[in-house]
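Q: Take this structure first; my questions come after.
Rule-based calculations on the coordinates, nothing more; no lab input. This structure is a prediction, so every number in the text was calculated from the model and none was measured. Reconstructed Cβ throughout: ideal geometry from the backbone, glycine too, with neighbour counts over all protein chains shown.
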Amino acid sequence: MDENLMRQIWAVYHSTGSLHKTAEEMGFAYAKVRKALITYGAYSTRFSDDVYYLRCKGYSVEEIAKELNTSVKRVSAWLPYEKNMYNLAEKSQEAVRCDNYRKRNEKANENFISNKFSNDEKGRDDMGRWAISYSKLMEEERNKAENAKKQAEPIRLHLKLFEEYLDEDEQRTLKKYGRSSTGNSIERDILIPPDMTLHALHYAILRLYGWQNGHLHSFHLPEELYKKLTNNTVRGWGDLIGVLFQTVYPDNVWKIRYGDDDYKNGSIKTWLRKKYTGPYRYLGLYEKYEVAVGKFDELTNEYQNMAVYKPYDFNNPKRSREDKVVKYAPIIDLTLDEMNASIIIDSTDELLERLTVSSLLAYSGMKTVSADELGLRMIKRDYKVFGEVEEPEVKPITEKLFYHYDYGDGWVVEITREKDCDDLIKEGFLTDEELIEARNTVTEKYKPVCIHQDGICLVDDVGGFSGFIDMLRILYEQKEDDEPADPYDPDRKENTLRWASGMGWSARKVSNKQML
């Protein structure tokens, strides 16, 4: 591609302000237009800057891909055209910038060393030794900067709503009318900003599955990991309150706990979009570290010598509780089972929703930490209401999370983090161009993007998977001359559709771009 053609592409892009519109008007592929604009210096993203920086440092395409933990194909797609760009009679803006970059770095290094030792006799004698140390220091700083940029890359989550106990007929219905490839799950794959909080993810999940935020919700670790981290003791749980887990809430604080559930009227989808779009700066009062710890201290002070009952035996068919008090002890010395059998308390395993997904969730094979490695130092984060707040640092501790919504219907979404999107591309669910565009949207618009969906949206208050499948049967399998299942409701199909539509449900297929 010569420079004249790049100028033409730039002129059209300057007029349209859109890569897609420019590609359509010029009759070129989207990726080709983007590459030309990158070469001409008219378009860039954080990723293209990273690629460009390493290329200017002399890295090969393969080395850049390895350094940025991505594919060679993706690096090539974001590199400027190089074959002819340095042979032009008049260098392109990108080539000039690359040359200037090298010269500035060389001059800065020379000036730094010269100024530091110009008045230092001993320093001049040790200049060679110091130059080596300086080079190592600069390398460490470069690695830190590049690691920080890697952490800013969008991350992929796989969401799986699964029901184990569906019979063959129910699975057939969900496959045929619910467009589920498995017959027992509805799944989503999304890219999200790495600093997205669980709180914001909650609103994105609502939108992805078609729910209206009409019920309680919570995030949980796998049960076996929860017991391991806490040693299944009140003391172990208390050590992680305000670090991983929610605190003991006073009565009648739902408005405070869910203080930003402030929807009043208008489009619920627009309201949800604002909630899952960054910057993510919401913090509930009882999620502040000092407040959370304070409420737990109040609990332990209140129950210094409490009556302890025998825990429920779920292996006993009667599942009856022993009325006899087995001992008196401080609550801090009890197991979680003993505490839960003796007093009524909110769930002790609900995760703090101020936690960021990337700080908590690891992809398969990624190193996870133990409970002893959590909260070793305090970090500062800025929040909308409270300003700058100190809170314990959290590191990836699990490869799986569970999102619970509507405890009556019992929806549970399994959340895992994936290292890349290669499987979706290999299976033909996603193209390289769609992935690039999705990454750009996440980075530039600071919001999650759906990149794959399997199964249609659900509806609130339908009665879980079985109820949803019954609804699909009523809508699609009941013939006009069939006797309705409910003799008091001859228009059952019409009424069911009217009810579902009133709840915001639609069977219309929505594109990935429109999901969020």
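Q: Scanning the stretch 34-47 for residues that are over 30 Å from the mean Cα position of the chain (by Cα) and not in a loop (DSSP other than H, G, I, E, B), which turns out farthest from ASP432 (Cα to Cα)?
A: By that ranking, first place goes to TYR40.
Q: Quick check on my filter: what residues within the stretch 410-422 are farther than 15 Å from THR70 by Cβ and either surrounded by 19 or more Cβ atoms within 10 Å (Cβ to Cβ) or free of Cβ contacts under 8 Å to residues at least 40 places away in the same chain (or both)?
A: TRP411, VAL413, ILE415, ARG417
Q: Counting only residues that are touching a strand residue (DSSP E or B) at 6+ places or on another chain (Cβ under 6 Å) and not hydroxyl-bearing (Ser, Thr, Tyr), give me the helices (runs of 4 or more DSSP H) lying completely in the stretch 192-247 with at least 2 of them.
A: By residue number, 198-209.
Q: Kindly evaluate ASP406 against the criterion of being touching a Gly at 6+ places or on another chain (Cβ under 9 Å), surrounded by 14 or more Cβ atoms within 10 Å (Cβ to Cβ) and without any contact (Cβ under 8 Å) to a residue 24 or more places away in the chain.
A: no
Q: What do you reckon, is GLU393 among the acidic types (Asp, Glu) and under 21 Å from the mean Cα position of the chain (by Cα)?
A: Yes; evaluated as a whole, the condition is true for this residue.
Q: Return only the number of the condition from (1) within 20 Å of the chain's Cα centre (by Cα); (2) part of a loop (DSSP other than H, G, I, E, B) that SER359 does not satisfy.
A: Looking at each condition in turn, SER359 falls short on (2).
Q: Name the single residue that is nearest to LYS445 (Cα to Cα) among those in the stretch 200-227 being of a type in the set (A, V, I, L, M) and surrounded by fewer than 19 Cβ atoms within 10 Å (Cβ to Cβ).
A: LEU216
Q: Of the residues that sit in the stretch 423-432 and are out of contact with any Lys or Arg (no Cβ under 9 Å at 6 or more places or on another chain) and not hydroxyl-bearing (Ser, Thr, Tyr), which one is surrounded by the fewest Cβ atoms within 10 Å (Cβ to Cβ)?
A: Out of the qualifying residues, it is GLY428.
Q: So, one more: Please work out if TYR312 is farther than 30 Å from LYS395 by Cα, surrounded by 14 or more Cβ atoms within 10 Å (Cβ to Cβ), over 22 Å from the mean Cα position of the chain (by Cα) and of a type in the set (Phe, Trp, Tyr).
A: When the stated conditions are applied, TYR312 passes them.
Q: Mind counting the residues in the stretch 490-506 that are in a helix (DSSP H, G or I) and of a type in the set (Phe, Trp, Tyr)?
A: Matching residues across the stretch 490-506 total 1.
Q: So which of THR182, THR197, THR230 ends up being more than 20 Å from the chain's Cα centre (by Cα) and crowded, with 19+ Cβ neighbours inside 10 Å?
A: None of the other options fit; the residue is THR230.
Q: So, in the stretch 362-377, of the ones that are within 10 Å of LYS395 (Cβ to Cβ) and aliphatic (A, V, I, L, M), which residue ends up surrounded by the fewest Cβ atoms within 10 Å (Cβ to Cβ)?
A: Checking each candidate, the answer is LEU376.
Q: Name the single residue that is nearest to ARG439 (Cα to Cα) among those in the stretch 491-513 being polar (S, T, N, Q) and without any contact (Cβ under 8 Å) to a residue 40 or more places away in the chain.
A: Per the stated criteria, the residue is SER511.
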